[in-house]
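Computed from the coordinates by the stated procedures, all read-outs in this text should not be read as laboratory data. From a predicted model like this one, the values you see are computed outputs, not experimental measurements. FYI the Cβ positions are ideal-geometry reconstructions off the backbone, even for glycines, and counts take in every protein chain you see.
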Amino acid sequence: MVDRFTKPPFKKSRIVDIPNEKYVSVVGAIIKKSGSDILLDDGTGQIEVVFNEDINYKEGDIVRIFGVVISGSLKGELIQDMSELDIKLYRESFDKIKDLYYI
């Protein structure tokens, strides 16, 4: 039984698919940063992400954002360093897995 304190899981998503989701995680590059706001690009699109406090990442960093979709933007809840990730391989495997399991 889900209680009012339980949050649904974050669904792995591409930015192009975000309008269909509420709680998402997205992997991409920070292409613009201003204080606690960033612009994230994952190769399928860009999205503004707003955090409650300044983040210790810079433009060009590859990150995973866990957030809540609000009016076409993300309210960032968590940010994870993904600098060791082979982004090309990640994108290829993401598409293959999506094709296999989410037809």
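What is the chain's relative contact order, in percent, from Cα pairs under 8 angstrom and six or more apart in sequence?
21
Mind checking which of ILE87, TYR23, GLN46 is farthest towards the positive end of the chain's charge dipole, using Cβ charges of +1 (Lys, Arg) and -1 (Asp, Glu) about the Cα centre?
Looking along the dipole axis, the top candidate is TYR23.
Just flag the trypsin sites (Lys or Arg not before Pro) in segment 10-103 sitting in loop per DSSP whose Cβ has no more than 10 other Cβ atoms within 10 Å.
Taking segment 10-103 and a limit of 10 other Cβ atoms within 10 Å, the loop trypsin sites (Lys or Arg not before Pro) found are LYS58.
Give a quick list of GluC sites (Glu not before Pro) in segment 34-92 that DSSP marks as loop, anything other than H, G, I, E or B, with at most 15 other Cβ atoms within 10 Å.
GLU53, GLU59, GLU84
Could you please tell me the mean projected area of the C-alpha convex hull for segment 23-101, averaged over all directions and given in square nanometres to one decimal?
The orientation-averaged projected area of the Cα hull of segment 23-101 comes to 5.3 nm².
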